[in-house]
Amino acid sequence: MAIIITDECINCGACEPECPNTAIYEGADDWRYADGTELSGDIVLPSGTEANAEEAQEPVSDEYYYIVPDKCTECKGFHEEPQCAAVCPVDCCVPDEDHVETEEELLAKQKFMHE
């Protein structure tokens, strides 16, 4: 499952540079599938969704840092634990019950983004 940043976030920014997938963005910032990945041009995500990797996407949150579920792999393929949760001083990086994925799905997503 992906990680989510709760509304207890204090906007310290400690999590953002720790994400190996560049899945964490500052509130109100647009995001792109291409950011921090090897994705480019028109893509079909593992979920079947079609997108353009360079096209700006709407922010998930306007108020505090957020994690893009389609890019979050819980650091599988990079680290033993989610790095955002490891560095968060207020423990607001928690599992996202709305985006449950198996370890195999997370590893496949990591491979898709970083071939």
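Evaluate the following for V44: is it surrounded by fewer than 19 Cβ atoms within 10 Å (Cβ to Cβ) and more than 17 Å from D7 (Cα to Cα)?
Judged against the criteria, V44 is a match.
What is the residue count in region 42-71 for residues that are in contact (Cβ under 8 Å) with a residue 12 or more places away in the chain, assigned to a loop (DSSP other than H, G, I, E, B) and either farther than 17 Å from D29 by Cα or of a type in the set (K, R) (or both)?
5
Return the residues of region 61-115 that are acidic (D, E), more than 14 Å from the chain's Cα centre (by Cα) and under 17 Å from I43 (Cα atoms); say none if nothing qualifies.
Passing the criteria: only E115.
No lab work stands behind these numbers, since they all come straight from the coordinates. Source: prediction; values computed, not measured. In this analysis, Cβ positions are derived from the backbone assuming ideal geometry, glycine residues included, and neighbour counts consider all displayed protein chains.
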